[in-house]
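Student: Okay, here's the structure, questions in a sec.
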Protein chains: 2
Amino acid sequence: VTAAVIGLGLIGGSIARDLAALGHRVLATDTDAHAVANARREGVVAAELSEGREGSAEGPAGAGDAGAVPVTQELAGADVVILAVPVDRAPSLLRQLGPELRAVPLVMDTGSTKAAALRAASEAGLTHNFVGAHPLTGDHRSGWAASGRDLFLRQRVYLCPADPDSRAAALAMTFWEMLGAQVEIMDAAAHDRLLAWTSHLPQLTATALGLTLAQAGHAHGSLGRGGADMTRLAGSDADMWTAIALQNRDEIALAVSRLQNRLDALRAALEAGDSEMLRTNFDAARRWHRDDGADPSS
Amino acid sequence: VTAAVIGLGLIGGSIARDLAALGHRVLATDTDAHAVANARREGVVAAELSEGREGSAEGPAGAGDAGAVPVTQELAGADVVILAVPVDRAPSLLRQLGPELRAVPLVMDTGSTKAAALRAASEAGLTHNFVGAHPLTGDHRSGWAASGRDLFLRQRVYLCPADPDSRAAALAMTFWEMLGAQVEIMDAAAHDRLLAWTSHLPQLTATALGLTLAQAGHAHGSLGRGGADMTRLAGSDADMWTAIALQNRDEIALAVSRLQNRLDALRAALEAGDSEMLRTNFDAARRWHRDDGADPSS
């Protein structure tokens, strides 16, 4: 199998490592030339997609970038193409590369929002072979240096196939199971609504908590284990999360407003010295936390 | 050395385990008879403080409890007495046991708030030998089953001596350094203000986030690693945190209101689709997170 991986960050780099270890041929490109050079030196990437710098999105971050697109001949000959790029970049790549990607058996992105990628794939004529994929393995660390073997082992991967009955949908399941992941098929809109609560809200909460502590003059190093865990995600990549937040902003704003309601209630209980209300809240949260055995630290 | 440990939970149990392993004689009591029995069977506790069930605080949780006080003769003969009990229980124990504790070289509590314990110690005539201690090793798990060896190794312990120049203050430093902890001396009021931000606010944030997800119908098991970390503290003991929240409610309420301000700003940016504002927030949080090398997961 020949895989073309566009973007050698935490997700793309880890996919490339696993595929290479399984004996597959990995072609890759990244906006960061060092990532590609390191991946080749480590024997993970067999060849760089020629003229391979991926173009960045418009805007200040990509202003110095030539905007070249990975050369398409190698893409068309690949068995699987993986767009492991920020969620604001995947739709434009799909539109640009659409014609060359049509012959590829399986095309996937890996971002934390799925509706925009699915729309772009449909517009690019990739309904038969596109599967939106979202491995639930995000981390505050990013880049090739953060990637590693077995990142997906026993981890959940949401799959949103453009056509659930396509051969590509079946291939995508096989692909992720090969990497040890647990696959869950989901509609893209439902995925984005779900993740607004289970992933994007926790990220924004960590960001807000970090900013609150920063403003009050408390360094990250002054925290204990609990506080450190609660602000780990504050270290996440700003551009990546800006793009996710914008694509899913309605549902995330709703989730944030619900969190604010709960904080209002807790603050009112504090100000009133209402021990029963405080206990009721702590207790309900504890019961929710305990109601499944999924916490590996328990 | 003979140590009397009142409360064999996460903190008291771990102290008892370390002391026993270092060859010291540990007397102990707990409201949970099973904890004492297990600690004796495991060879950690040499003897139970006789008539030893510790009385619970007033209120529904302790209603079925006889309210007996640990017998005082053994306390008076101990080299160190450790009150590893909820923060609403330590002040009343100090007042009850004051006369017997006066002859003990070192008396400490271990709770997450310090001003109330220091006040009670002063009222009980224990200024010469009382040191408020707060090992920053809280966890969402509690009880004897959660305790273990080396919990304090390389962990921070805040010490608030009633008299910084007392022999007890020096003994307390030696005590915690013997357990491998890193000691930091601090005024009790300053401690409580600091912890409102670095510990109590993260706890209430986790509680509020857990309640938000519960209300929206999302199980804890549906979270990825990030979301799971952000809600781990939601599993913390409700009675323990109700007591902490009440004792430190003014400063915690202030901290919560500041968090709400940051969430307001993030939600406004989401609703306006303001990518620059979002990026500025994510970026500032990331710089704060990165500004020290204390994150062991980086």
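Computed from the coordinates by the stated procedures, all read-outs in this text should not be read as laboratory data. Computed from a predicted structure; not experimentally measured. When we count neighbours, we look across all protein chains shown, and the Cβ atoms used for this are built from the backbone with ideal geometry, even at glycine.
Student: Ignoring GluC sites (Glu not before Pro) that are buried or in helix or strand per DSSP, and keeping those with at most 13 other beta carbon atoms within 10 Å, what is the longest stretch of chain B between them? The partial results should precede the final answer.
Tutor: Numbers: sites that count: B:GLU42, B:GLU51, B:GLU58.
For GluC sites (Glu not before Pro) (loop position, at most 13 other Cβ atoms within 10 Å), the longest site-free span of chain B is B:59-298.
Student: A further question on this structure: Summing +1 for each Lys or Arg and -1 for each Asp or Glu, what net charge is found among the other residues whose Cβ lies under 13 Å from the Cβ of A:ALA181? Don't skip to the answer; put the middle values down first.
Tutor: Numbers: positive: A:ARG154, A:ARG156; negative: A:ASP18, A:ASP150, A:GLU177, A:GLU184.
Within the 13 Å Cβ shell, the charges total -2.
Student: Using Cα springs under 10 Å in a Gaussian network model of chain A, which residue among A:ASP274, A:ASP88, A:ASP30 shows the largest mean-square fluctuation?
Tutor: Maximum among the listed residues: A:ASP274.
Student: Continuing with this model, one more query. From zero up to wherever the largest Cα-Cα distance of chain B sits, split into 10 Å bins and tell me the percent of pairs in each.
Tutor: P(r) over chain B, rounded to whole percents: 6, 25, 33, 20, 10, 4, 1.
Student: Moving on. Between A:ALA189 and B:ASP163, what FRET efficiency follows from the Cβ-Cβ distance if R0 is 51 Å, with the result rounded to 0.05?
Tutor: Details: r = 65 Å, r/R0 = 1.27.
Computed FRET efficiency for A:ALA189 and B:ASP163: 0.20.
Student: Next up: Modelled label-to-label distance, A:GLN73 and A:ALA219, 7 Å Cα→beta-carbon offset: nm?
Tutor: Reported label-point gap for A:GLN73 and A:ALA219 is 5.6 nm.
Student: Just how large is the dipole of the protein assembly as shown about the Cα centre, in debye to the nearest 20, putting +1 at every Lys and Arg Cβ and -1 at every Asp and Glu Cβ? It would help to have the intermediate numbers written out before the result.
Tutor: On the way: 52 positive and 72 negative charges, 90 e Å.
That gives a dipole near 440 debye.
Student: Of the candidates B:ALA219, B:ALA238, B:ALA196, which one comes out as most mobile in a Gaussian network treatment of chain B with C-alpha springs shorter than 10 Å?
Tutor: Of B:ALA219, B:ALA238, B:ALA196, the Gaussian network model singles out B:ALA219 as fluctuating most.
Student: Closest to the B-onto-A rotation axis, which residue of chain B has its Cβ, and how many Å off the axis is it?
Tutor: B:ASP229, 2
Student: Give me the percent relative contact order of region B:84-206, please, defined on Cα pairs under 8 angstrom at least 6 residues apart.
Tutor: Numbers: 198 pairs, mean separation 30.2, N = 123.
So the answer I get is 25 percent.
Student: How much length is gained if the chain between A:ASN261 and A:THR127 is pulled fully straight, taking 0.36 nm per residue apart and subtracting their Cα-Cα distance, in nm to one decimal? Don't skip to the answer; put the middle values down first.
Tutor: On the way: separation 134, 0.36 × 134 = 48.24 nm, distance 4.09 nm.
Stretched fully, the A:ASN261-A:THR127 segment lengthens by 44.1 nm.
Student: If you take the charge dipole of the protein assembly as shown about its Cα centre, with +1 on Lys and Arg Cβ and -1 on Asp and Glu Cβ, which of A:GLY217, A:ALA46, A:ALA84 is farthest toward its positive end?
Tutor: Checked the options; the winner is A:ALA46.
Student: Can you tell me the FRET efficiency between A:LEU254 and A:THR174 if r is taken as the Cβ-Cβ distance and R0 is 41 Å, rounded to the nearest 0.05? Please list the in-between numbers first.
Tutor: Numbers: r = 36 Å, r/R0 = 0.88.
Computed FRET efficiency for A:LEU254 and A:THR174: 0.70.
Student: For chain B, calculate the relative contact order in percent as a whole number, restricting contacts to Cα pairs under 8 Å that are 6 or more residues apart.
Tutor: Details: 501 pairs, mean separation 43.7, N = 298.
Answer for chain B is 15 percent.
Student: Suppose the chain between A:ALA33 and A:ARG290 were pulled fully straight at 0.36 nm per residue; how much longer would it get relative to their current alpha carbon spacing?
Tutor: Working: separation 257, 0.36 × 257 = 92.52 nm, distance 4.60 nm.
That works out to 87.9 nm of additional length.
Student: Something else: What net charge is computed for the residues neighbouring A:THR212, neighbours being all others with C-beta under 9 Å from the C-beta of A:THR212, Lys and Arg scored +1, Asp and Glu -1? Write out the running numbers ahead of the final one.
Tutor: Working: positive: B:ARG258, B:ARG262; negative: none.
That works out to +2.
Student: Please work out the FRET efficiency for the pair B:LEU22 and B:ALA268, using the Cβ-Cβ distance as r and a Förster radius of 60 Å; give the result to the nearest 0.05.
Tutor: Working from the Cβ atoms, E equals 0.60.
Student: Springs between alpha-carbon atoms under 10 Å, Gaussian network over chain B: tell me which of B:PRO99, B:PRO91, B:PRO161 tops the mean-square fluctuations.
Tutor: Residue with maximal mean-square fluctuation among B:PRO99, B:PRO91, B:PRO161: B:PRO99.
Student: Which value in nm describes the separation of the simple spin-label points at B:ARG102 and A:SER50, placed 7 Å from the Cα toward the beta carbon?
Tutor: 9.3 nm
Student: For region B:238-264 and region A:153-191, compute the distance between their C-alpha centroids and round to whole Å.
Tutor: 42 Å
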